[in-house]
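Some notes on the structure that comes next.
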């Protein structure tokens, strides 16, 4: 496995935020984000969890019917972060 530089990892995290920002009203599964990044699911999940720790994204735990996701993880940008992005533009 190739060791990625911190700069590359930061760029990939920025790409994840951009992907989620393009669709602010819809949460995305990990595998959808991985497909757009052209990276494997496990590596993408690792980056998503790091972004979650930084409070830049949040994990959606329940679907629209209120049932909890058991195997898949779904992600979105929190409303307060979206508001901050929109105020900067």
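Please treat every number below as a calculation from the coordinates, not as lab data. Since the structure is predicted, the reported quantities are computational estimates derived from the model, not experimental observations. All Cβ positions, even for glycine, are placed from backbone atoms using ideal geometry, and neighbour counts span all protein chains on display.
Using the count of nearby Cβ atoms within 10 Å as a rough guide to exposure, how do 60, 2 rank from fewest to most? Don't skip to the end; give the middle numbers.
Values: 60 15, 2 4.
Fewest to most other Cβ atoms nearby, the residues stand as 2, 60.
Give the Debye-formula value of log10 I(q)/I(0) at each listed q (0.14, 0.26 Å⁻¹), with one equal scatterer per alpha carbon of the chain, two decimals each.
Each listed q corresponds, in turn, to -0.50, -1.47.
How far apart, in nanometres, would the label points at residue 10 and residue 86 be if each is projected 7 angstrom from Cα along the Cα-to-Cβ direction?
2.9 nm
So what's the gap between the Cα centers of the range 70-84 and the range 33-64, to the nearest angstrom?
9 Å
Per DSSP H run of at least 4 residues, take -39500 (n - 2.57); add these up for the chain, divide by its residues and hand me the 222 nm value, nearest 500 deg cm²/dmol. Display every interim value, and only then the final one.
Numbers: 4 runs with 48 residues, N = 89.
Calculated from helices alone, the mean residue ellipticity at 222 nm is -16500 deg cm²/dmol.
Using Cα-Cα distances under 8 Å and only pairs 6 or more residues apart, what relative contact order does the chain have, in percent?
On the way: 77 pairs, mean separation 27.1, N = 89.
Reported as a whole number, the value is 30 percent.
Rg and Dmax in Å for the range 36-86, alpha carbons only: what are they?
12.3, 33
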